[in-house]
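Novice: Below are the structure tokens for one structure; questions will follow.
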Amino acid sequence: MLTSSQIGGAVALFFLASSGDVLARPLLYSRQSTNSSLGDFGSCTLPEITFAVGFDNRKETSFEPTNLVDYNHGSADGIDIITNFMCDQLVNSCKADATAQATCKTAQAAADAQLPGTGFQADAFNAVFGIKTNFGAVDVVTDQGTTLGVDADDTATSSVSSVAAAATTAASATTSTASSCFQSAASTDSASQIGDFGSCTIPQIEFGVGFDDRTETAFQPTNQVDYNHGSADNIGVITQFMCNTLVNSCGANALAQSTCASAITAAAAATAPTGQQADAFNAVFGIQTNFAAVDVISNTGINLGPDGTGAASA
């Protein structure tokens, strides 16, 4: 039987949830990570960002902290306003340790590597903390109420599949030679943000068909010189090898090693085994890729679509 205090609390919660102010925002929830490599966030929950329409009565999509108790800040069109505030909050109020502060800086870099003003930025930020979200599926809406599609290119969600199909066709034509051709995208981040990788290039992973004569899609290091490893169906095999190589062969500094650990977490938080995992890993290093558009292919040659659910993009 409920006590009088429990009943009173339930009634208060009901009236609070019925208020317009609360319904205008997503329900607050927090997620605690068991990954000690992320750091200690002190009195605060893990930083997490939401992307949607309607924050602070806006017509357009915008970003805001998911937990408005620990990270009390209004919404913003630019994610940097939110990420800067949240990372500063870790220092000024939460009393997070140095590792947590560094992880937050890595998450900022990951968000900045994605298409500005899209949900992909929120997903990349959250992924560094091991939090899986799918705000990349949210259409971008302008302050005039015009829907621009998920990648803000005036293409609504209903036609995104045709874009993905075109990307998949292009990817299929090039992945057969990917294992012999080293092509590395440039990072937008400096060594002070992600570390010094010693004698090696910045870690980067690609996702495609045809690696090592495989029938199925697989992951492999983009730079096979510094990170000489065959392809694998499980991205964890590749990410662990690359991060170990930073320690054992490259002579990378502690910040670079920590960044790589954050990239492992980001990849693991994305949908497996899809190109989203490679994109999430690369984004932590400030490298923007679009392997999420590549259809997942099984080892029997079945096209499972870009999200691996069985729905092909074509």
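Novice: Using a ≥ b ≥ c from the Cα gyration tensor of segment 99-138 (square roots of the eigenvalues), is it rounded, prolate or oblate, where a/c under 1.5 gives rounded and otherwise the larger of a/b and b/c decides, a/b for prolate?
Specialist: Oblate.
Novice: From the phi angles alone, apply the Karplus equation (6.51, -1.76, 1.60; θ = phi - 60°) to segment 197-214 and give each ³J(HN,Hα) in whole Hz, x where the residue is Gly or Pro.
Specialist: Using θ = phi - 60°, the values come out as 8, x, 7, 10, 6, 5, x, 8, 10, 10, 9, x, 9, x, 5, 6, 6, 6 Hz.
Novice: A further question follows. Taking amide hydrogens as modeled 1.01 Å from N in the peptide plane, which residues meet the under 5 Å criterion relative to N67, leaving out close sequence neighbours?
Specialist: E48
Novice: Take V296, V237 and order them by how many other Cβ atoms sit within 10 Å, fewest up front.
Specialist: With the sparsest Cβ surroundings first, the list reads V237, V296.
Novice: Please turn the phi angles of segment 247-260 into ³J(HN,Hα) values with the Karplus equation 6.51 cos²θ - 1.76 cosθ + 1.60 (θ = phi - 60°), one per residue in order, whole Hz, x for glycine and proline.
Specialist: For segment 247-260, the Karplus-derived couplings read 7, 7, 10, 7, x, 5, 7, 4, 5, 5, 5, 5, 4, 5 Hz, x marking Gly and Pro.
Novice: What are the ³J(HN,Hα) couplings of segment 57-73, residue after residue, when phi is run through the Karplus curve with 6.51, -1.76, 1.60 and θ = phi - 60°? Round to Hz, x for glycine and proline.
Specialist: 6, 6, 7, 8, 5, 7, 10, 7, x, 5, 9, 7, 7, 6, 10, 7, 8
Novice: If I model a spin label at I81 and D97 as a point 7 Å from the Cα along the Cα→Cβ vector, what separation in nanometres do I get?
Specialist: Calculated label separation equals 3.4 nm.
Novice: In terms of modelled amide H atoms, which long-range or inter-chain residues lie less than 5 Å from the amide H of V141?
Specialist: T61, L148
Novice: Tell me which residues come under 5 Å, amide H to amide H, from F207 once H is placed; ignore anything under 5 positions away on its chain.
Specialist: none
Novice: In straight Cα distance, which lysines are under 20 Å from K105, not counting same-chain residues fewer than 8 positions off?
Specialist: Partners found: K95, K132.
Novice: Between N228 and S298, take the C-beta separation as r, use R0 = 25 Å, and let me know the FRET efficiency to the nearest 0.05.
Specialist: Approximately 0.40, to the nearest 0.05.
Readers should treat all values here as calculations from the given coordinates under stated rules, not as data from a laboratory. The structure displayed is predicted, hence computed values, not measured ones. For neighbour counting, all protein chains shown are included, and Cβ atoms are generated from backbone atoms with ideal geometry for every residue, glycine included.
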